[in-house]
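Please read the structure below before turning to the comments.
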Amino acid sequence: MQFAINRPVGAGLVALACAALSGGAQAQAYVLADAGWSQLDVDCAGADHCDKSGFGHKVLGGYTFGSGLSAELGFISFGRADARIPADHAVLKTFGYTLAGAWTTSLASDWDLTLRLGLASLKTKMTDWVLGSQHDTVTKPYFGAQVGYRINPQVKLVGGVDFSQAELHGDKADARNVALGAQFDF
């Protein structure tokens, strides 16, 4: 079977394609990397020592469609928590992949605000001297906010926060990062 497009419809399709492509002039890809303080709000009842904070980081790639809307795919680590009693030592780590939508708006010349909302597939792994290694992977809501300062047309310094939730065998812990980094636009 063969489909024929008459001239007025064909001209309309060409005009629509040109309009879509000209709107794509605002579209661009970017990568972002940040690192900083992380915290896992785990229950450390009974532990002699409990350290819920550590080093977290995020790496993501995004594509801006225009009007400040973007789609992002990334990797995030919410660091680790460390609990000790005299006969045992347990370390909990949470990390995984994110898929989010982002919206960026200008605050002032060279300054902007970005809000993220999406899903995170997070693996929470516990390594324990007595119980051995255990892990769970769950999908949880993910959200974040960042302030950016553009130092040139391709590079922006960023500072932000990211939030989600870790889970291991039904026990849940809020996870957050506060980090500084950079975004590179292509």
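Check whether at least one residue in segment 70-84 is open to solvent by 10 Å² or more (accessible area, probe 1.4 Å) and not in a strand (DSSP E or B), and report yes or no.
Scanning segment 70-84 turns up no residue that is open to solvent by 10 Å² or more (accessible area, probe 1.4 Å) and not in a strand (DSSP E or B).
Here's a check for you: in segment 35-77, which residue that is β-branched (Val, Ile, Thr) and in contact with a Lys or Arg (Cβ under 8 Å, 6 or more places away or on another chain) is farthest from residue 175 (Cα to Cα)?
Once the filter is applied, the top-ranked residue is 76.
Give segment 165-186 a look and list any residue that's under 13 Å from the mean Cα position of the chain (by Cα) and either modelled with pLDDT under 95 or within 19 Å of residue 127 (Cβ to Cβ) (or both), or say none.
175
Assess whether residue 57 counts as being farther than 20 Å from residue 182 by Cβ, open to solvent by 50 Å² or more (accessible area, probe 1.4 Å) and either free of Cβ contacts under 8 Å to residues at least 12 places away in the same chain or not basic (Lys, Arg) (or both).
no
Kindly establish whether residue 94 is within 20 Å of residue 135 (Cβ to Cβ), hydroxyl-bearing (Ser, Thr, Tyr) and not in a loop (DSSP other than H, G, I, E, B).
Yes.
Hey, any hits in segment 105-112 for a residue that's of a type outside the set (Val, Ile, Thr), without any contact (Cβ under 8 Å) to a residue 24 or more places away in the chain, outside any strand (DSSP E or B) and loosely packed, with under 13 Cβ neighbours inside 10 Å?
yes
Quick check: is even one residue across segment 7-27 open to solvent by less than 90 Å² (accessible area, probe 1.4 Å), touching a strand residue (DSSP E or B) at 6+ places or on another chain (Cβ under 9 Å), at pLDDT 50 or above and more than 22 Å from residue 72 (Cβ to Cβ)?
no
Got a sec? Which of 101, 62 is exposed (fewer than 15 other Cβ atoms within 10 Å of the Cβ), assigned to a strand (DSSP E or B), modelled with pLDDT of 95 or more and not hydrophobic (A, V, I, L, M, F, W, C)?
101
Quick check on my filter: what residues within segment 38-61 are touching a Gly at 6+ places or on another chain (Cβ under 7 Å) and of a type in the set (A, V, I, L, M, F, W, C)?
40, 55, 59, 60
Can you tell me which residue is farthest from residue 64 (Cα to Cα) among those in segment 127-184 that are open to solvent by 60 Å² or more (accessible area, probe 1.4 Å) and part of a loop (DSSP other than H, G, I, E, B)?
Among them, the one singled out is 130.
The values are calculated or read from the model by the stated rules, or taken from the named source; none is laboratory data. Model, not experiment: these values are computed from the prediction. Quick reminder, even Gly has a Cβ in these numbers, built from the backbone with ideal geometry, and neighbours come from all protein chains shown. Side chains are part of the model used for accessible areas, which takes the heavy atoms of the whole protein and leaves out ligands, DNA and RNA. Shrake-Rupley method; radii C 1.70, N 1.55, O 1.52, S 1.80 Å.
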